[in-house]
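Take a look at the structure below.
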Amino acid sequence: HIGEFKDESGVAHKGGVMALSYNSTGTQLITASADKTVKLWDCETQACISTLEVGQDLNDQQLGCIWAGAFALSVSYSGDINYIDLNSNAITKVLRGHQKSIETMEVKSGKVYTSSFEGRSSIYDAESGDVNYFTGAIHKSKVLDTKISGDTIISVDNSNKILRTPLSSCEMGESSSSVPSNVKYFDVHSGSDTEIYSCDNTLVMFKDGNQVFSQELKYDPNGCAISPCGTVLAVGAKEAPKLYLYDIEGSSFVQRQEIALTAATTEIKFSPDGKLLGAATVGRTVLLLDVEKSYKPVQHCWSTQSKTMSCSFSPDSRFMCVAGVDTNIVVGDCSQPMEPAIKIIRAHPLGTINRVRWLDDKTIASSGSDMQVRQHTINV
């Protein structure tokens, strides 16, 4: 057929037509446009059968479409994939997710909270796989780290901006502050509303959302962790294989111990029961220290193939997992440290794993530069 397709306004679309797709018989076609609509056309008459307005936001511009039986799929500028029922002219399902590397991830009550390189923050339902986005005054640059404190998720970005967002609404921007320099990692203690940020050659403490103390350091800090009891701060040096322990005293902290390591650390975690301290490292080693024995190294036979970026303990403190550049997840049994580790090979085959967290005592969530969130079940 040769002809010009027009709707009742005299044009096909009010913006550029980005894609079109025919049905299997060639009698109808759909078009996707930058005017944020998807239209269904009759090829014989060149008449518009229906118009679906996807949304009003810039991200709702439609960049692609394809026919799939009684349904059509369209792709929004945001990266969302829309399932369109052509009979009812309605979107029945939307597949959402990240379009850039996932930099941070935290979990709580079956929800997975992620943030990515371009500042997008999302909520994944671990059971259904459904995804929604945080709204409000979201981050505009790379999110460096996130932590959950009670019913609030705290996040910090590349512009040194800190946002504290209620998990009940996931509406960002109501509470914000900033730190003086770039943050590598930070940790929180919910019971005392304490936040400690590892910045350039500085540690910064917040209480109740306000900065109360800072200390300049002779080393550049990297990962940091607050003990479950809230009285000890562990900080790893970025360039040197050393771990520093501080006593937290109200609204300040004082260094009390320096520990030599075999490799510099990245992310550091205390076990939920407070008996162990673990860390991912820039080498092939996995750090595990016995807190009750003055942070004496626990002998184990776990190792990785390259630098690890993240570590996490299971809720019951039995297992510790690490992951990173080699795309594998290594899981060690802390109750039997000389037993071989469980290895999930190529857990993210397309890129570095940036975060691992436990959903429950046997289930690990992981995310990374491949823009994916995956779940892994440990059978023991």
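The values are calculated or read from the model by the stated rules, or taken from the named source; none is laboratory data. All values reported here derive from a predicted model rather than from experimental measurement. Cβ placement follows ideal geometry from the backbone for every residue including glycine, while neighbour counts extend to all protein chains displayed. We work out accessible area using only protein heavy atoms, side chains counted, and drop any ligands, DNA or RNA first. Shrake-Rupley method; radii C 1.70, N 1.55, O 1.52, S 1.80 Å.
Would it be correct to say that Gly129 is open to solvent by 40 Å² or more (accessible area, probe 1.4 Å) and not in a strand (DSSP E or B)? For Gly129, the condition - open to solvent by 40 Å² or more (accessible area, probe 1.4 Å) and not in a strand (DSSP E or B) - is met. Among the numbered conditions (1) out of contact with any helix residue (DSSP H, G or I) (no Cβ under 7 Å at 6 or more places or on another chain); (2) more than 21 Å from Lys161 (Cα to Cα); (3) of a type in the set (A, V, I, L, M), the only one that Ile196 does not meet is (2). Being outside any strand (DSSP E or B), touching a Gly at 6+ places or on another chain (Cβ under 6 Å), modelled with pLDDT of 95 or more and surrounded by fewer than 21 Cβ atoms within 10 Å (Cβ to Cβ) is a condition met by at least one residue of segment 302-312. One residue stands out among those in segment 224-260 that are closer than 21 Å to Asp200 by Cα and not in a strand (DSSP E or B): the one that is most open to solvent (accessible area, probe 1.4 Å), which is Glu239.
Of the residues making up segment 134-163, those that are in contact with a helix residue (DSSP H, G or I) (Cβ under 8 Å, 6 or more places away or on another chain) and either of a type in the set (S, T, N, Q) or without any contact (Cβ under 8 Å) to a residue 12 or more places away in the chain (or both) number 1. Screening the candidates Ser192, Ser175 for the property of being open to solvent by 30 Å² or more (accessible area, probe 1.4 Å) and under 18 Å from Glu249 (Cβ atoms) yields one hit, Ser192.
Taking first residues from segment 42-67 that are closer than 20 Å to Val11 by Cα and partners that are open to solvent by 80 Å² or more (accessible area, probe 1.4 Å) and in a strand (DSSP E or B), the Cβ contacts under 6 Å between residues at least 6 apart in sequence or on separate chains come to Asp42/Ile49; Leu63/Met18.
If you go through segment 68-101 and keep only what is in contact (Cβ under 8 Å) with a residue 60 or more places away in the chain and touching a strand residue (DSSP E or B) at 6+ places or on another chain (Cβ under 7 Å), you end up with Gly97, His98, Lys100, Ser101. Pick from segment 14-68 the residues that are polar (S, T, N, Q) and assigned to a loop (DSSP other than H, G, I, E, B): which of them is surrounded by the most Cβ atoms within 10 Å (Cβ to Cβ)? In this case the residue turns out to be Gln61. Of everything in segment 92-126 that's among the hydroxyl-bearing types (Ser, Thr, Tyr) and assigned to a loop (DSSP other than H, G, I, E, B), which residue is farthest from Glu171 (Cα to Cα)? Ranking the qualifying residues of segment 92-126, first place goes to Ser101. Among the numbered conditions (1) in contact with a Gly (Cβ under 6 Å, 6 or more places away or on another chain); (2) surrounded by 15 or more Cβ atoms within 10 Å (Cβ to Cβ), the only one that Asp157 does not meet is (1). In the set (1) outside any loop (DSSP other than H, G, I, E, B); (2) closer than 26 Å to Ala237 by Cβ; (3) open to solvent by 50 Å² or more (accessible area, probe 1.4 Å), the condition left unmet by Thr146 is number (3). Among the residues of segment 198-208, those that are within 14 Å of Val188 (Cβ to Cβ) and open to solvent by 20 Å² or more (accessible area, probe 1.4 Å) comprise Lys207, Asp208. Just so you know, in segment 178-189 the residues that are part of a strand (DSSP E or B) and not charged (D, E, K, R) include one that is surrounded by the fewest Cβ atoms within 10 Å (Cβ to Cβ), and it is Ser178. Filter segment 280-293 down to residues that are modelled with pLDDT of 95 or more, of a type outside the set (D, E, K, R) and open to solvent by 30 Å² or more (accessible area, probe 1.4 Å) and give me whichever is farthest from Pro228 (Cα to Cα). For segment 280-293, the residue satisfying everything is Val282. Checked against (1) crowded, with 20+ Cβ neighbours inside 10 Å; (2) at pLDDT 95 or above, Phe5 passes all but condition (2).
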